[in-house]
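First comes the structure, then the notes that go with it.
The values are calculated or read from the model by the stated rules, or taken from the named source; none is laboratory data. Owing to the predicted nature of the structure, the values given are computational and were not obtained by experimental measurement. A quick note on method: Cβ atoms are made from the backbone with ideal geometry, for glycine too, and the neighbour counts reach across all protein chains shown.
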Amino acid sequence: MCLGIPGEVVEIIDREAGLATVEVSGVRRGVSIKLLEPEPVDVGDWVLVHVGFALSKIDADEAAATLDQIKRLGQPYEDEIDAFKGTAIA
């Protein structure tokens, strides 16, 4: 199962290339933020991440509520975090 999962932007790796580092439940990885252009994305923003792409910006309350619901799924959440750990956008 592939879930859209909230991640907090912790670093802009390369603004021109549209790459940022996001953190989800303590796991960090690079994702593309190109799909959000021309909307600016900055450190501290929350984004909904799916297969390595930030699909939309969301607020912190929505991110917390969504993460809570996803964690309740149990194994699908654990699988998603494992997949998040094992992939990277370069």
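Numbers at a glance
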| quantity | calculated |
| --- | --- |
| Complete set of residues in region 64-84 that are modelled with pLDDT of 85 or more and either exposed (fewer than 14 other Cβ atoms within 10 Å of the Cβ) or not hydroxyl-bearing (Ser, Thr, Tyr) (or both) | ALA64, ALA65, LEU67, ASP68, GLN69, ARG72 |
| Sole exception among (1) modelled with pLDDT of 95 or more; (2) of a type outside the set (Ser, Thr, Tyr); (3) out of contact with any Pro (no Cβ under 6 Å at 6 or more places or on another chain) for TRP46, by number | (3) |
| Selection within region 1-51 - of a type in the set (D, E, K, R) and either within 12 Å of PHE84 (Cβ to Cβ) or surrounded by fewer than 18 Cβ atoms within 10 Å (Cβ to Cβ) (or both) | GLU8, GLU11, ASP14, ARG15, GLU16, GLU23, ARG28, ARG29, LYS34, GLU37, GLU39, ASP42 |
| Considering residues of region 8-46 that are touching a residue at least 40 places away in the same chain (Cβ under 8 Å) and hydroxyl-bearing (Ser, Thr, Tyr) only, the residue nearest to ASP59 (Cα to Cα) | SER25 |
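Here is a yes/no grid of residues against (1) assigned to a loop (DSSP other than H, G, I, E, B); (2) under 11 Å from GLU8 (Cα atoms); (3) aliphatic (A, V, I, L, M):
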| site | (1), (2), (3) |
| --- | --- |
| THR21 | no, yes, no |
| GLY30 | no, no, no |
| LEU35 | no, no, yes |
| LEU48 | no, yes, yes |
| LYS57 | no, yes, no |
| ALA65 | no, no, yes |
| ILE81 | no, no, yes |
